[in-house]
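Working notes, beginning with the structure itself.
FYI, it's all coordinate maths here, none of it is from the lab. Treat the numbers as computed from the prediction; the structure is a model and nothing was measured. When we count neighbours, we look across all protein chains shown, and the Cβ atoms used for this are built from the backbone with ideal geometry, even at glycine.
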Amino acid sequence: MFEFHGWILVNLAPQGKQEDQLTTRINAIKNVIDEFSAIQSKVDIFYQQGKPFIRFDGRLNHYEGWVLKLFFAINKMTDGSEGILFIKDEDNPCLNSQFRVWQMMNGEVLSGDMTFFPDKYNSHHNNLQIA
């Protein structure tokens with residue numbers, strides 16, 4: 001199985017009239033997403049507090065290259081965006097059925113293994129408030 005979950009806060013590096021440029025880039029991103037119109041996964045653009053986000057996720061039978069292509073294409077188009085993509089490919093022995101993480105920030109995409117999760121939640125070692 002091939003599983004992926006990701007989001008991107010679409011933004012541009014500070015310069016000139018950002019609002020017009022951002023609208024133009026969002027339209028271009030919609031065209032890129034439409035190129036993958038045959039995909040059987042959720043890819044949507046929505047706005048939160050006036051900022052555009054892209055969310056995508058799915059669980060498919062086998063690896064689909066469009067997921068990373070889309071992530072990298074959006075990075076090229078919007079150099080100030082931030083995002084994260086989790087990919088798990090059970091057919092790829094190099095990934096050892098573990099999630100691989102791709103992080104988008106300031107025009108760069110970095111990747112690494114997810115090895116930072118504890119075996120179980122321990123409230124004494126976590127400063128997060130769970131309501």
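Quick notes on this one:
- Residue-span extension gain [Gln103 to Asn31] - 0.36 nm each, minus C-alpha spacing: 23.6 nm
- The phi-based Karplus calculation (6.51 cos²θ - 1.76 cosθ + 1.60; θ = phi - 60°) puts the 3J(HN,Hα) values of the stretch 49-60 at 6, x, 10, x, 10, 10, 10, 8, 7, x, 9, 10 Hz, whole numbers, x for Gly and Pro.
- One decimal place: the segment Thr24-Ile84 gains 19.3 nm when fully extended, by the rule 0.36 nm per residue minus the C-alpha distance.
- Between Asn96 and Leu9, the FRET efficiency estimated from the beta carbon spacing at R0 = 30 angstrom works out to 0.50.
- Ascending count of other beta-carbon atoms within 10 Å, so fewest first, for Asp79, Asp20: Asp20, Asp79
- Spin-label pair Ala73/Phe46, simplified geometry with 7 Å Cα→Cβ offset, distance in nm: 2.2 nm
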